[in-house]
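Quick notes on the structure that follows.
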Amino acid sequence: MLNDKLHSYIEELISEREPLFIEMENYAKENKVPIMELVGIEALLQFLRMHDSKKILEVGTAIGYSALRMAEALPKASVVTIERDLERIQAAEEFMNRTKYGEQIFLIKGDALEVEELVRERAPYDAIFVDAAKGQYQKFFEIYSKYLSDDGIIITDNVLFKGLVTQSEIESKRIRNLVKKIDGFNRWLMNHSDYHTVILPVGDGIAISKKKR
Ligand SMILES: C[S@@+](CC[C@H](N)C(=O)[O-])C[C@H]1O[C@@H](n2cnc3c(N)ncnc32)[C@H](O)[C@@H]1O
């Protein structure tokens, strides 16, 4: 991971966001909603721009921050996003209704492990962004990679989990199990015969997977 000084330096250089996005960042902080951190989301948006993604599936909307930022960064793209938490769904809908970028977004309300049919109806996707329950990453990948177009990419967030993937002694059993799952997912993904994957130490660690031809 980047050291704190470098991280702050890069953050300082990131240009100011629209007032609504700043409001969402503050809302997330105040209400302890985990949204992508600044350097991480900038990297995600840049990959999506370079790839020229047109149809994006996001697993894990929270309050709609990353979905709206993707919609703003990629004016021609549409975003299908899944969230199961009712309070966050309500907040996401409120934020989406306040901006034109909301028109590019379709929110699926439900558990990502149970709404495959709704996702399939809108397939294919040329980019999939996985940012939901970390213990289920492999399942999300297995379910939704079926709906990825041939030139598609899958971006998975939090794969370095605050650096904990390198720590052998973790007191909390819950966190230890989670770290084990993330590590298992990373190894499974890096050895996946259908994908080229790179893990980058940006934000909380992102994996970028591209279908092999
Ligand atoms: C890290 S937050 C998403 C942040 C968002 N992508 C952003 O950066 O603005 C993860 C969200 O995924 C949701 N989530 C976790 N597991 C889920 C599942 N199985 N189905 C749907 N949503 C899920 C959580 O409720 C949480 O709001």
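The values are calculated or read from the model by the stated rules, or taken from the named source; none is laboratory data. Here the structure is a predicted model, which is why all the values come from computation and not from measurement. Here the Cβ positions follow ideal geometry from the backbone for every residue, glycine too, while neighbour counts run over all protein chains shown.
Please state which one of I154, I182, I175 is of a type in the set (A, V, I, L, M), touching a Gly at 6+ places or on another chain (Cβ under 9 Å) and within 16 Å of Y137 (Cα to Cα).
I182
Taking the options I182, I155, name whichever one is within 16 Å of the chain's Cα centre (by Cα), within 13 Å of the ligand (Cβ to nearest atom) and either modelled with pLDDT of 95 or more or outside any loop (DSSP other than H, G, I, E, B) (or both).
Answer to the check: I155.
Name the residue, out of E117, E169, that is modelled with pLDDT under 95, acidic (D, E) and not in a strand (DSSP E or B).
E169
If you scan the range 1-39, which residues turn out to be farther than 15 Å from A67 by Cβ and among the basic types (K, R)?
K5, K29, K32 - these are the residues of the range 1-39 that are farther than 15 Å from A67 by Cβ and among the basic types (K, R).
Output the residues belonging to the range 114-128 that are more than 12 Å from the ligand (Cβ to nearest atom) and surrounded by 16 or more Cβ atoms within 10 Å (Cβ to Cβ).
The answer is Y125, D126, A127, I128.
If you go through the range 22-32 one residue at a time, do you hit one that is modelled with pLDDT under 95 and within 17 Å of the chain's Cα centre (by Cα)?
No, there is no match, as no residue in the range 22-32 is modelled with pLDDT under 95 and within 17 Å of the chain's Cα centre (by Cα).
Would the range 91-109 turn up any residue that is among the small types (G, A, S) and either closer than 17 Å to D204 by Cα or in contact with a Ser or Thr (Cβ under 8 Å, 6 or more places away or on another chain) (or both)?
Checked against the condition, which is being among the small types (G, A, S) and either closer than 17 Å to D204 by Cα or in contact with a Ser or Thr (Cβ under 8 Å, 6 or more places away or on another chain) (or both), the range 91-109 yields at least one hit.
Any chance the range 6-21 includes a residue that's touching a helix residue (DSSP H, G or I) at 6+ places or on another chain (Cβ under 9 Å) and within 12 Å of the ligand (Cβ to nearest atom)?
yes
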